[in-house]
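The values are calculated or read from the model by the stated rules, or taken from the named source; none is laboratory data. Since the structure is predicted, the reported quantities are computational estimates derived from the model, not experimental observations. All Cβ positions, glycine included, derive from the backbone under ideal geometry; neighbour counts span all protein chains shown.
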Amino acid sequence: MLKIYALIIVIGILGGVAYGAKYYYDTTQATIATLRENNIQLEIAVQTAEESMKTWQEEHTKISKLNTQLQTSLQKAEAYGDSLRNKLQELNLVRDALNDAKKLEGKMNGATAKLWRNIIKDTGGDSNRDLPYWLQQPETGTGNQDSNQNRENSDTNSSTTETDTAQ
C-alpha cells in the first residue's frame, strides 16, 4: 500500500509540475501576444510621428519661403511709400493752386483719369470706354494726361507758401 501512496504522491507532484509548466507557458504566450500588439501600436505611432515631422518640415519650408516673399513685398511697399512721400514733399500744391489753379486742376484731373483708366484695365474692364463725368476734361482744358512728372520748379521747401503778388 505504501507503494500506491508513493505512486499517487509522485503522480501528484508530476501533475503539479506539469500544471505549473502549462500555466507558465500560457502566461508567457499571453505576455508575448500583448507585447506584439504593443509593438505594432508603437510602430504605428512612430510612423505617424515621422510623417507628422516630415509634413511639419515641408510646411516650415513653405512658410519660410512665403515669409521671405512677404518680407520682400513689404520692403518694396515701404520703398514705394517712401517714394510717394518724397514726391509729395517736392510738390507745393498751395503755391501751384494760387499761381495757376486751372493748370493744377488739369494736372490733377489728368492724373486721376490716368489712375482711373489703370484701375479699369487692372480689373478687366474696357479702358477705352468713357470716364465718369467728373473726370472728363473740357475740350479747351489744359489737362495733362501724364500727371505732373516734369516740373520746372524743383523747390522742395513746402513749409512756406509763396503767393503771386502780380494778380
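Quick check on K3: is it in a helix (DSSP H, G or I), exposed (fewer than 10 other Cβ atoms within 10 Å of the Cβ) and either among the basic types (K, R) or under 32 Å from the mean Cα position of the chain (by Cα) (or both)? Considered against the rule, which asks whether it is in a helix (DSSP H, G or I), exposed (fewer than 10 other Cβ atoms within 10 Å of the Cβ) and either among the basic types (K, R) or under 32 Å from the mean Cα position of the chain (by Cα) (or both), K3 comes out as yes.
Restricting to region 94-123, count the residues that are of a type in the set (V, I, T), part of a helix (DSSP H, G or I) and without any contact (Cβ under 8 Å) to a residue 40 or more places away in the chain. Give the steps one after another, and end with the answer.
Going through region 94-123, the residues of a type in the set (V, I, T) turn out to be 94, 112, 119-120, 123.
Checking the rest, the ones that are also part of a helix (DSSP H, G or I) come to 94, 112, 119-120.
When the remaining residues are screened for being without any contact (Cβ under 8 Å) to a residue 40 or more places away in the chain, the result is 112, 119-120.
Here the count works out to 3.
Out of Q29, Q75, Q57, one residue alone is at pLDDT 95 or above, closer than 30 Å to A111 by Cα and in a helix (DSSP H, G or I). It is Q75. Taking the numbered list (1) surrounded by 11 or more Cβ atoms within 10 Å (Cβ to Cβ); (2) at pLDDT below 80; (3) basic (K, R) in turn, K121 passes all entries but (2).
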